[in-house]
1. Extension gain residue 62-residue 123, at 0.36 nm per residue separation less the Cα-Cα distance, in nm?
2. Relative contact order for the range 76-130: what percent, with Cα pairs under 8 Å and sequence separation of 6 or more?
3. Please state, to two decimals, what the Cα-based radius of gyration of the range 17-83 comes to when divided by 2.2 N^0.38 Å (N = residues).
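Since every read-out is calculated from the coordinates, none of them should be taken as a lab result. Every value quoted in this text rests on a predicted model; they were computed, and no experiment measured them.
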């Protein structure tokens, strides 16, 4: 895409393959700060195919290890700013990998908020419902391991892979329409 900082990147490349590039940004927050981004232009994470997202984090993980070893970092932050509301500066998916040391002067702390049980329950339900609509569920847990038995007569549906799911799982939302609602 024309005028995209990442699509036209001409800086110090640390690693590259056919899917992603890892590089030193022109204005790092600390020495060693690197960024991993896909070669193909995607504005936000949910536009990128799972294989690209997986590769981004695989390379970010290796960069993190290299920072521990090569820079003697005491920690790393892997940061994705996904959309304008999250502070995204350039409209291109990227994972910032920031090496950290005690006293480096960087603060990523934000104040925690106490939610009521009712608020927490509502948020939990909304997120779980959205995850089910996306056909994302936890791996099935045997009833004994989960600490409860399945209720007698409880209906059980199966997904395409034959795994037990709720009927809510069967609901599908067009991913393209969902994606358009969230573009920055």
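1. Numbers: separation 61, 0.36 × 61 = 21.96 nm, distance 3.36 nm.
Taking 0.36 nm per residue and subtracting the Cα distance, the gain is 18.6 nm.
2. 30
3. In units of the globular-protein estimate, the range 17-83 measures up at 1.13.
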